[in-house]
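Here's the structure we're looking at; comments come further down.
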Amino acid sequence: MFQKASDLAAIYPAMVLHGMRTFSSADVLRFLGRKLHGNFQGEITSDFKDRPEGVRIKHRVKDNSIKAYDKAGNVLRIETTMNDPRDFKVLRPKHGQPHGKAQWRPLRRGIADIYRRAQVGQASNDRYLDALAATDTSTPLGELIRDICKPATYRYKRVRALRPWADPDLALFRAINRGEFSVNGFRNRDLQPLLFDHAPDRTEDKPRRSARVSRLLRMLRAHHLIQKVPHTHRYVLTPHGRDIISAVLASLQITLEQLNKLAA
């Protein structure tokens with residue numbers, strides 16, 4: 001909630017534009033905690049509607065959606081709607097076997113899994129708000145990425161500077177920003193098939209490949225773009241890392257004509 005409607009009105013149009021131009025199908029899946037894979041069958045859409053009471057932007061994955069709208073002029077409302085909860089999972093025993101083994105099973109309708117629906121919905125809202133937060137921080141892009149373009153130190157060892165628009169580092173940014181990693185994070189072995197074109201030809205190449213990805217993870221940690229999940233081998237983006245990667249990837253979509261209009 002904003003104290004003055006004019007404060008929300010000053011930033012909301014940019015948020016809507018950012019959501020329509022920048023959020024890809026993979027992003028929409030990520031917001032709803034889904035993975036993009038070859039077996040996906042369904043429709044992913046994004047649209048906005050200009051209504052008398054305000055502007056609404058909505059992203060839909062089959063029958064489920066997440067949307068934002070400026071309610072009553074001074075409330076930015078983010079809302080996740082589940083019309084088909086079976087697309088989500090809950091850790092529970094098999095129906096009719098309350099003392100059976102708990103496994104990840106489809107989310108049920110009704111009140112039995114309502115606590116899990118609340119968890120999933122809140123997590124979706126948080127991911128969407130985090131993505132919208134990168135719309136305009138009033139920080140110039142050059143200032144935002146200045147530090148990562150300089151060498152850093154990790155555990156008393158020098159780590160090279162990042163090159164945000166060079167193909168190798170762009171591929172790394174895209175890999176760690178994938179939707180399937182937004183919930184549980186990513187591991188060394190999760191990144192390997194995304195960063196290499198083919199499986200290792202020889203058995204002895206596997207540890208070399210793993211060591212190379214470990215060096216990349218160390219570099220990202222040194223620049224504070226990722227952090228390790230305690231007591232696991234998984235990593236997640238930091239808020240700082242999410243802002244930088246979102247800005248870099250969004251900049252790839254901006255045309256010279258758009259830049260000239262902004263500068264006018």
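Within the range 34-61, residues that are at positive phi reach partners that are part of a strand (DSSP E or B) and modelled with pLDDT of 80 or more with beta carbons closer than 9 Å, at six or more positions or on different chains, in the pairs 42/61; 54/69; 54/70; 54/71.
State yes or no: is residue 16 open to solvent by less than 40 Å² (accessible area, probe 1.4 Å) and within 23 Å of residue 118 (Cα to Cα)? So residue 16 fails the test.
The set of residues from the range 229-245 being farther than 11 Å from residue 144 by Cα and in contact (Cβ under 8 Å) with a residue 60 or more places away in the chain comprises 237, 239, 242.
Considering only residues in the range 185-210 that are within 30 Å of residue 146 (Cβ to Cβ) and open to solvent by less than 40 Å² (accessible area, probe 1.4 Å), the one that is nearest to the chain's Cα centre (by Cα) turns out to be 185. Kindly check whether there is at least one residue in the range 16-26 that is under 30 Å from residue 107 (Cα atoms) and part of a strand (DSSP E or B). No; the residues of the range 16-26 include none that is under 30 Å from residue 107 (Cα atoms) and part of a strand (DSSP E or B).
The residues of the range 153-176 that are outside any helix (DSSP H, G or I) and among the β-branched types (Val, Ile, Thr), listed by number, are 153, 159. If you go through the range 131-177 and keep only what is under 30 Å from residue 34 (Cβ atoms), charged (D, E, K, R) and open to solvent by 60 Å² or more (accessible area, probe 1.4 Å), you end up with 136, 167, 174.
Filter the range 177-196 down to the residues that are part of a helix (DSSP H, G or I), modelled with pLDDT of 85 or more and not polar (S, T, N, Q) and list them by number. Residues satisfying the conditions are 189, 190, 191, 193, 194, 195. Among the residues examined, residue 99 does not qualify as touching a strand residue (DSSP E or B) at 6+ places or on another chain (Cβ under 8 Å) and either exposed (fewer than 13 other Cβ atoms within 10 Å of the Cβ) or modelled with pLDDT of 85 or more (or both).
Filter the range 40-87 for residues that are among the hydrophobic types (A, V, I, L, M, F, W, C) and in a loop (DSSP other than H, G, I, E, B); which is surrounded by the fewest Cβ atoms within 10 Å (Cβ to Cβ)? That would be 72. Taken over the range 28-39, the residue count meeting the criterion of being under 24 Å from residue 242 (Cβ atoms) and either of a type in the set (Asp, Glu) or open to solvent by 80 Å² or more (accessible area, probe 1.4 Å) (or both) is 3. Yes or no: the range 111-130 includes at least one residue that is at pLDDT below 90, surrounded by 14 or more Cβ atoms within 10 Å (Cβ to Cβ) and part of a loop (DSSP other than H, G, I, E, B). Yes; the residues of the range 111-130 include at least one that is at pLDDT below 90, surrounded by 14 or more Cβ atoms within 10 Å (Cβ to Cβ) and part of a loop (DSSP other than H, G, I, E, B).
The values are calculated or read from the model by the stated rules, or taken from the named source; none is laboratory data. Just so it is clear, the structure is predicted and the values come from calculations on it, not from any experiment. Cβ: placed from backbone, ideal geometry, glycine included. Neighbour counts: every protein chain shown. These area figures cover heavy atoms from the full protein model, side chains too; ligands, DNA and RNA do not enter into them. Shrake-Rupley method; radii C 1.70, N 1.55, O 1.52, S 1.80 Å.
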